[in-house]
Structures are given as C-alpha cells and as structure tokens.
Amino acid sequence: MAAQHPRQSSPPARLAVLVSGSGTNLQALLDAVEARGAEAYGARVVAVGSDREGVEGLRRAERAGIPTFVRRLRDYPDRAAWDRALAEATAAHAPDLVVSAGFMKVVGAEFLARFGGRFVNTHPALLPSFPGAHGVRDALAYGAKVTGCTVHFVDDGVDTGPVIAQSAVDVLEGDDESALHERIKDAERRLLVDVVGRLARDGYSIEGRKVRLGHERARHQ
Ligand code: GAR
C-alpha cells in the first residue's frame, strides 16, 4: 500500500529545517525561496531547529527573519525526553515537510511517529554506501572513485530510509576530506533544492523502498 502525499495547493508547503552546523544547505533553500518566490518554488522555511546553540545555521535563519529553536540533548534526562521535546518544538510550527540538513543527531520514535513519511535527510555519500556521521571520510578511506550525495526519507535506521534522489561526484587524485566534501556540498545543495521543491509542488508516494515524485501525474498517465 503506497502512502500518498498529495501535491500542495496554495499556500506553499511549510518547511521546518534542522541543522547542527554551518547551514549552507539551509541557505540554498532560503535562497531558492527568495529567488523564485514561495508560490513558484512551492515551499517556504517557517522554522529552523538545532541541537546546538550558536551555530551558523541558526544565524542564517535569524538573518532571514525565521524563527529558531534549540533542543540540546544534554538538557534532558534521557534521549526519549529530548526526542519528545524536539518533536514538540518542530510540531509547533506545523510543518508539511521537515528537512534534516546537516543535523547530526538521530531522532527517535516520537519524532518519527509525528513526521515519518515527510522527514527528509541529506547525506554526503551514495547510500547505502558510507552511512553515518563520516560519509565523506569513509568514502575517501575506502578508496572509492565515485561518491556523491543522497536525499532520502528518514526511517528508524541510520541513513537507511527510501532514497528520493542521488547525485554522483568523482573523487579526484589528491582529494582530502575537506576538498571532497566541498564538491559534494555543491552537488548536494542543488539536489536538495530541486527535490524539496518537487516534493512540495508535485506530491509524492512511498511504496516500500520506492519513492515516486509527482505521483498524481504518474497515476493519470
Ligand atoms: C552536509 O554535507 C550533509 O550531508 C552532512 O553535513 C553537511 C552539512 O552541511 N550531513 C551528514 O553528514 C549527516 N550524516 P551544511 O551545514 O553546510 O548544510
């Protein structure tokens, strides 16, 4: 049975974006909304959340006048309590889609119960190769000649959910982690902006591991 997520009608889809660091993927989304307009792009960022205070991703949101929230794991008695707090803070902004853009924590059952099927992550490797927190370093250490980035729905594993789209990036002679990651992030920002816009504008369906974008169009062909 496919989970259907119909195309958004106006107003544009509400995006909550989660970040832990520099937030250049968040910035790419903000720039796309600014350049194209929320109606044409199909979505707008309504909130940015983080597990860390003072990161550049939060400052980017503040500069754009977007509400932010921080829920630090260490402020809660256990992971389940943190997960509940993160889910509640996110839900307060009534997002249609939640985007993990460099958010370096694994969410738990409560978060997935609320946002499963509409929680998107971007990962700097071609999954299922090199999951986890060091996707770029691990690809380099393995000697891979091609790596890249994956945008996927989040399930209860680490980087195991259904793949939405991928983009390949060559590993070059002499690459270090930082140089390779920068080239991956160039591809990743373009991919994320494209995928989020299409999810929001065209709708999608998830059937097992298969994600179909624009399912309304597909069903009527
Ligand atoms: C991105 O490359 C993203 O894929 C990665 O962190 C970077 C964040 O960059 N995420 C992970 O490694 C998650 N496992 P940004 O803060 O500049 O958007």
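The values are calculated or read from the model by the stated rules, or taken from the named source; none is laboratory data. Quick caveat, the model's predicted, so the values are computed rather than measured. Cβ coordinates were reconstructed from backbone atoms using ideal geometry, including for glycine residues, and neighbour counts include every protein chain displayed. With ligands, DNA and RNA removed, areas are computed over all heavy atoms of the protein, side chains included. Shrake-Rupley method; radii C 1.70, N 1.55, O 1.52, S 1.80 Å.
See the values below:
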item: The one condition in (1) in contact (Cβ under 8 Å) with a residue 12 or more places away in the chain; (2) within 12 Å of the ligand (Cβ to nearest atom); (3) touching a helix residue (DSSP H, G or I) at 6+ places or on another chain (Cβ under 9 Å) that D155 fails to fulfil; result: (2)
item: Residues of the stretch 97-145 classified as in a helix (DSSP H, G or I) and more than 7 Å from the ligand (Cβ to nearest atom), total; result: 14
item: Selection status of A91, surrounded by fewer than 18 Cβ atoms within 10 Å (Cβ to Cβ) and either touching an Asp or Glu at 6+ places or on another chain (Cβ under 8 Å) or at positive phi (or both); result: no
item: Evaluation of D83 against (1) farther than 14 Å from G49 by Cα; (2) touching a helix residue (DSSP H, G or I) at 6+ places or on another chain (Cβ under 7 Å); (3) away from the ligand (no atom under 16 Å from the Cβ) (one fails), failing number; result: (1)
item: Selection count where residues are open to solvent by 20 Å² or more (accessible area, probe 1.4 Å), over 20 Å from K185 (Cβ atoms) and within 18 Å of the chain's Cα centre (by Cα), scope the stretch 39-66; result: 2
item: Filter pass, G148 being of a type outside the set (A, V, I, L, M) and farther than 26 Å from E53 by Cα; result: yes
item: Residues located in the stretch 25-38, provided they are within 20 Å of H123 (Cβ to Cβ) and open to solvent by 30 Å² or more (accessible area, probe 1.4 Å); result: Q27
item: The stretch 14-24: number of residues that are closer than 19 Å to D96 by Cα and surrounded by fewer than 24 Cβ atoms within 10 Å (Cβ to Cβ); result: 1
item: Matching residues in the stretch 59-96 - criterion: being part of a loop (DSSP other than H, G, I, E, B) and closer than 24 Å to G42 by Cβ; result: A64, G65, I66, P67, A92, H93, A94, P95, D96
item: Breaking point among (1) under 15 Å from the mean Cα position of the chain (by Cα); (2) modelled with pLDDT under 95, for L26; result: (2)
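Residues are listed down the side, and each one gets a yes or a no for (1) touching a strand residue (DSSP E or B) at 6+ places or on another chain (Cβ under 7 Å); (2) open to solvent by less than 30 Å² (accessible area, probe 1.4 Å); (3) modelled with pLDDT under 95:
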site	(1), (2), (3)
A139	yes, yes, no
G143	no, no, no
G148	yes, yes, no
V163	yes, no, no
A168	yes, no, no
H181	no, no, no
D186	no, no, no
L199	yes, yes, no
